[in-house]
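Below is a structure I'd like to ask you about.
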Amino acid sequence: MSAFAPRPATSRRLKYVVSLRRSRVDGNEHRRPYIGLEHIESSTGRLVTDPSSMAQVASLETGEGESTSNTFEQGDVLFGKLRPYLAKAWVAEFPGRCTTELLVMQPVAADARFLRYVCLWRDFIDAVDASTFGSKMPRADWDLIGNMSVPVPNRPTQVAIADHLDRETGRLDALVAGKERVLGLLVEKRRALITRAVTRGLPAEAAAKAGLDSRVRLRDSGISWLGEIPVHWRTERLKFLVPGIEQGWSPECHSVPAADNEWGVLKAGCCNGGVFNPHENKTLPSSLEPLVEFEVKPGDVLMSRASGSTELIGSVALVPERSRDQLLLSDKIYRLSPDDRRVDRSFLVLVLGSDVGRFQVKAVVSGAAGLANNIAQTDIREFSLPLPPADEQHAIVSYITAETAKLDATHAATERTIALLKERRAALIAAAVTGQIDVGSRRHYTDDAARQKEPERRR
């Protein structure tokens, strides 16, 4: 029996609580909507896509080939055995088909909603995750999962627990959704603040404080998508501001980040969000000699060349002064070498990360097949950028740094609140499925045999 902490009076092995549905269909079967792991939200048991759109999916990738999928019926419980730490479980609301990485369990001695919460219970997830095999694609095996002991109170108690958790997690989820909307608004406000400053200059009060002319007069930039810019600004193509662009190399590396005394090769994700992340790297094998000419240095301007997401291609970040050494440029990252006499490096990063830069990046990657996940040097060089005088560039950088710091502090506080709400949700599920809280019917926290004897005691 598993060492799960307090549980209701009755517990049974999962394989005696459910019947594993093993029916499969060819991936070209279109009559049933398709559910992949990506369609189930982690830890909540909710779908994150429209079932009507899933019916059009023709194929899927599983560990056993693209042509096979499991079938499920309404009321079945689907549980993700691939990377089980993601905690993906869902009660089927309609008949369909799914990736073979989802176990399809037909409840026999359990309420489907209660079983879903058991599958989202952190102790259960941790135990399944501990049983996985495979380093890159860890999977759990049904033979082991099926032999795990799970709490199984009587049916009325299961229903009472599920009803209670539906209500309480629903409230918590609504709070999380509200906080996530706040995060979205903060991101939009941050982007709008930066875009306005790098295209229109500082607000009057900030300009006066910086010793600049606060009376901003505008002129047509001559670029339709850019619109008007201050009369004393110019527009320049990037190739006249950045004479040098290079990319690195990508040797076969270990999948873990390099230790402090090791060399690492940066991944494209090191630029995501406009902030340099030195931990986004892979360890260079000791058998390979590092190409020191590709070592990144403080002050380097890096841009991601390739990504699986078009929203991340072209992400730009400045390597800070106190960055660790022994990190190498990969061939998925460009290093831009600006002419420091003409453009401030921090200003360049802000412009390229603003709507001005993103518009031009998306225009380039939205072309022919095969180029959708890349951006070419020749395209980058032709980017058009608004360019204020040097003193104004420095003032804009200072202003944006101060204003975004306030937004970032609010963003971080909101993220902490979301984390606490999610922790509360997990703790609530654990307490409910293990019988540690009263869900309104204490007499149900007995096993079925005890309930059957109760009338005899009354006589």
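For V361, state whether it is in a helix (DSSP H, G or I), at pLDDT below 95 and surrounded by 21 or more Cβ atoms within 10 Å (Cβ to Cβ).
yes
Out of all the residues in the stretch 199-212, is one or more of a type in the set (S, T, N, Q), part of a helix (DSSP H, G or I) and buried (at least 16 other Cβ atoms within 10 Å of the Cβ)?
yes
Here's a follow-up. Could you identify the single residue in T132, T68 that is at pLDDT below 95, of a type outside the set (D, E) and under 25 Å from the mean Cα position of the chain (by Cα)?
T132
Is it the case that R416 is at pLDDT 95 or above and crowded, with 18+ Cβ neighbours inside 10 Å?
It is false that R416 is at pLDDT 95 or above and crowded, with 18+ Cβ neighbours inside 10 Å.
So, of the residues in the stretch 87-119 that are assigned to a helix (DSSP H, G or I) and out of contact with any helix residue (DSSP H, G or I) (no Cβ under 6 Å at 6 or more places or on another chain), which turns out to be nearest to T49 (Cα to Cα)?
If we filter the stretch 87-119 for residues that are assigned to a helix (DSSP H, G or I), which is where we start, we get 112-119.
If we keep only those that are out of contact with any helix residue (DSSP H, G or I) (no Cβ under 6 Å at 6 or more places or on another chain) too, we end up with 112, 115-116, 119.
Numbers: A112: 21, L115: 22, R116: 19, C119: 21 Å.
Of everything passing the filter in the stretch 87-119, R116 is nearest to T49 (Cα to Cα).
Which condition from (1) buried (at least 24 other Cβ atoms within 10 Å of the Cβ); (2) over 30 Å from C253 (Cβ atoms) is the one that V91 breaks?
(1)
State the number of residues belonging to the stretch 74-86 that are in contact (Cβ under 8 Å) with a residue 40 or more places away in the chain and part of a loop (DSSP other than H, G, I, E, B).
Number satisfying all stated conditions: 3.
Separate question: What residue, of V265, V316, is crowded, with 18+ Cβ neighbours inside 10 Å and farther than 26 Å from L350 by Cβ?
V265
Out of the stretch 315-345, which residues are farther than 22 Å from T401 by Cβ and of a type outside the set (D, E, K, R)?
Across the stretch 315-345, the qualifying residues are Q326, L327, L328, L329, S330, I333, Y334, S337.
If we keep just the residues of the stretch 1-21 that are surrounded by fewer than 16 Cβ atoms within 10 Å (Cβ to Cβ) and assigned to a loop (DSSP other than H, G, I, E, B), which is modelled with the lowest pLDDT?
Looking at the filtered set, the residue picked out is M1.
Quick grid of which residues meet (1) touching a helix residue (DSSP H, G or I) at 6+ places or on another chain (Cβ under 9 Å); (2) under 30 Å from D408 (Cβ atoms):
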| position | (1), (2) |
| --- | --- |
| V152 | yes, no |
| V159 | yes, no |
| R167 | no, no |
| V176 | yes, yes |
| R196 | no, yes |
| G201 | yes, yes |
| E205 | no, yes |
| V231 | no, no |
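Please tell me if S323 is more than 30 Å from P388 (Cα to Cα) and either part of a loop (DSSP other than H, G, I, E, B) or touching a Ser or Thr at 6+ places or on another chain (Cβ under 8 Å) (or both). If you could, list the steps in order and put the result at the bottom.
Numbers: more than 30 Å from P388 (Cα to Cα): no; either part of a loop (DSSP other than H, G, I, E, B) or touching a Ser or Thr at 6+ places or on another chain (Cβ under 8 Å) (or both): yes.
When the stated conditions are applied, S323 does not pass them.
Hey, among I194, I161, which residue is within 30 Å of L120 (Cβ to Cβ) and surrounded by 15 or more Cβ atoms within 10 Å (Cβ to Cβ)? Break it down stepwise before answering.
Numbers: I194 fails: within 30 Å of L120 (Cβ to Cβ).
Sole residue among the options that is within 30 Å of L120 (Cβ to Cβ) and surrounded by 15 or more Cβ atoms within 10 Å (Cβ to Cβ): I161.
The values are calculated or read from the model by the stated rules, or taken from the named source; none is laboratory data. This is a predicted model, so every value here is computed, not measured. Heads up, the Cβs are rebuilt from the backbone with ideal geometry, glycines too, and the neighbour counts pull from every protein chain shown.
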